[in-house]
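Taking it in order: structure first as structure tokens, then the write-up.
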Amino acid sequence: MKLAHFSDVHVTHFPLSGKPALKRLAAVASYTLAGRGRHFAGSDQRIGKLLEDVDAQGVDHALCTGDLTGVSTEAEFERVAELFGPRLQQPARYTVIPGNHDRYVKGAQGLFERHFAALSEGGQFPFVKHLGPQVSVVAIDVARPTNLVDSSGLCGEKQRAALEGLLTDRSLKGRFVILALHYGLLRSEGQRDSRPHGLRDDLELMALIDRDDVTLDLVLHGHMHRPYVVKTKRRTIINAGSATDLHVRQGCGYHVYEIEPASGRVKIERRAWSAGPARYEAVDSPLNRELSTRWE
Ligand SMILES: [Fe+2]
């Protein structure tokens, strides 16, 4: 089974084009002073090429783990929806979940669903989607609007209880199960993320996924723009990083996973943006490896 995984593509317009909100004013500073505008300059072109490249890889399915936009304006959502085009109506080929930049302010409520409902099971989280006879994805939405200096996420008690129900359900036994979310559970060196940037209930979520009565093989996310692989006590986590952020030193890109459901083995191939020919191509990367998702 071949699965493409990309994240944090961030169609980025100048942040004041939407409804006024104090948080969008702060985003102007991030756009101009902190360089967000430069990092995502021309991201529209890269997103178009990325989707073409994903389709050209002959994958069985493609998963996007959120942050389609910069600050959740209607114009940004419309642009990214335009780039997805007919794929927006192809849930058998694509799954998309929201990131914190897609739920940036309260006023953006419903915008993600307006365009991406078909690819996120109607926006009803958590959900299970069977990607093939042996592989399933369980998706949660941990993004929410926050105040000026906070970009933390929250799974929440209710969603965690529903997730527990799904991951311990007998119907998933024997399948290769992927948990998809926007935020990471651990940073690249295995440490917790910071309070204003990470998941508020990371420890609770990690305790849940590490339980031995849970059926789960792989966790996929984004949020941190540099890609990495890390492990909890029992599970393997892969962050694809940003597919379009020009500030990523090793090159922005995405992953194609070859999954062998019976053995639990996963082969990672990284494809990165190459500015010269203006396309994504296979690259030598320390992330390219074959790993076992089964713990001893
Ligand atoms: Fe992001």
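For the chain, the tally of Lys pairs with Cα-Cα distances below 27 Å comes to 24, considering only residues 8 or more apart or on different chains. For the chain, the residue among 7, 163, 186 whose Cα projects farthest onto the positive side of the dipole built from Cβ charges is 186. The packing ranking, built from the mean of other Cβ atoms within 10 Å per residue, places the peptides 97-108, 284-295 in the order 97-108, 284-295, highest first.
Across the chain, C-alpha contacts under 8 Å between residues 6 or more apart give a mean separation that, scaled by the residue count, equals a relative contact order of 19 percent. In this rough spin-label picture, where each label sits 7 Å from Cα along the Cβ direction, the residue 250-residue 89 distance is 4.0 nm. The heavy atoms of residue 244 present about 0 square angstrom of accessible area, all protein chains included, probe 1.4 Å. Apolar share of the accessible surface for region 2-292: 51 percent from carbon plus sulfur atoms, 1.4 Å probe. The packing ranking, built from the mean of other Cβ atoms within 10 Å per residue, places the peptides 275-281, 256-262 in the order 256-262, 275-281, highest first.
Rolling a 1.4 Å probe over the protein heavy atoms gives region 2-292 an accessible area of 41 Å² per residue. Taking a ≥ b ≥ c as the square roots of the eigenvalues of the alpha-carbon gyration tensor, region 193-282 is classed oblate because a/c is 1.5 or more while a/b is no larger than b/c.
A protection proxy built from the mean count of other Cβ atoms within 10 Å ranks the segments 3-10, 49-56, 210-217, most packed first, as 3-10, 49-56, 210-217.
The values are calculated or read from the model by the stated rules, or taken from the named source; none is laboratory data. None of the values given here were measured: they were computed from a predicted structure. When we count neighbours, we look across all protein chains shown, and the Cβ atoms used for this are built from the backbone with ideal geometry, even at glycine. Heavy atoms of the whole protein, side chains included, go into the accessibility calculation; ligands, DNA and RNA do not. Shrake-Rupley method; radii C 1.70, N 1.55, O 1.52, S 1.80 Å.
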